[in-house]
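I have placed the structure first, in the form of structure tokens, so that the comments after it can refer back to it.
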Amino acid sequence: MHAIGAPGTPRNWDLYRTAVVDIRFGERAVRVAPRPRDTAEGFFPVPAGSGATVHVITAWNPRGRTASDDANARDQRLLLDEVRRRGLTSWPAVGGDVSGTHREEGVAVVGLGDAAARALGRRFGQDAVFAWSPDAWRVLACGSGAVAVSGWAASGRASA
């Protein structure tokens, strides 16, 4: 795991490393939270042995600057249109801090490699994307090769 302020890490790197993501799978919703390395607890949405990674990407607040609600909604629609155009399996996602004071809509997708997920994040002005696999929760910097690796826990959430 890269240290805070390591070369190639965005200025909000520590916030990304501690962020949680709520993902809705139909009627089921889970919160994915970082845990100590080698921890993998709870529901993972892709069949075991498939080798697939779930990437979580947002179009909100490009370049780490707070955008208007209208601009965020427009950019998120464009991201969702791109995901649909590519025929990717996807689910609604919301990422933010554990207390819920900062939240950004996003999308969880299956069918991208790390390089393609980073490129899509860059296209929408993002500093980082998340990569969730059966054995790790990773934060991938979009503008460099920086990666923060941790374990994860996915717990059930009330359906809203």
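No value in this document is a laboratory result; all are computed from the given coordinates. The model shown is predicted, which means the values in this text are computed figures rather than measured ones. Glycine gets a Cβ as well: all are built from the backbone with ideal geometry, and neighbour counts include every protein chain shown.
For Cys142, the amide hydrogen comes within under 5 Å of the amide hydrogens of Ala128, Val129, counting only partners 5 or more places away or on other chains and with H modelled in the peptide plane.
Each of His102, Ala67, Ser150 was placed along the dipole of the stretch 11-160 (beta-carbon charges, centred on the mean Cα), and the one lying farthest toward the positive end is Ala67.
What translational diffusion coefficient, to the nearest whole µm²/s, does the chain have by Stokes-Einstein, given a Kirkwood radius computed over alpha-carbon pairs, a temperature of 4 °C and 1.567 mPa s viscosity?
83
Rounded to the nearest 20 Debye, what is the dipole magnitude of the chain about its Cα centre when Lys and Arg each give +1 and Asp and Glu each give -1 at the C-beta? For the chain, the charge dipole is close to 240 debye. Coupling constants for the stretch 82-97 follow from the phi torsions by the Karplus curve (6.51 cos²θ - 1.76 cosθ + 1.60, θ = phi - 60°), and in residue order they are 5, 4, 5, 4, 7, x, 7, 5, 8, 9, x, 9, 9, x, x, 7 Hz; glycine and proline get x. Residues in the stretch 56-73 carry Karplus couplings, in order, of 10, 10, 10, 10, 6, 6, x, 6, x, 10, 5, 9, 5, 4, 5, 5, 4, 5 Hz; the curve used is 6.51 cos²θ - 1.76 cosθ + 1.60 with θ = phi - 60°, and Gly or Pro positions show x. Between Ala59 and any residue 5 or more places off or on another chain, the built amide H atoms are never under 5 Å apart.
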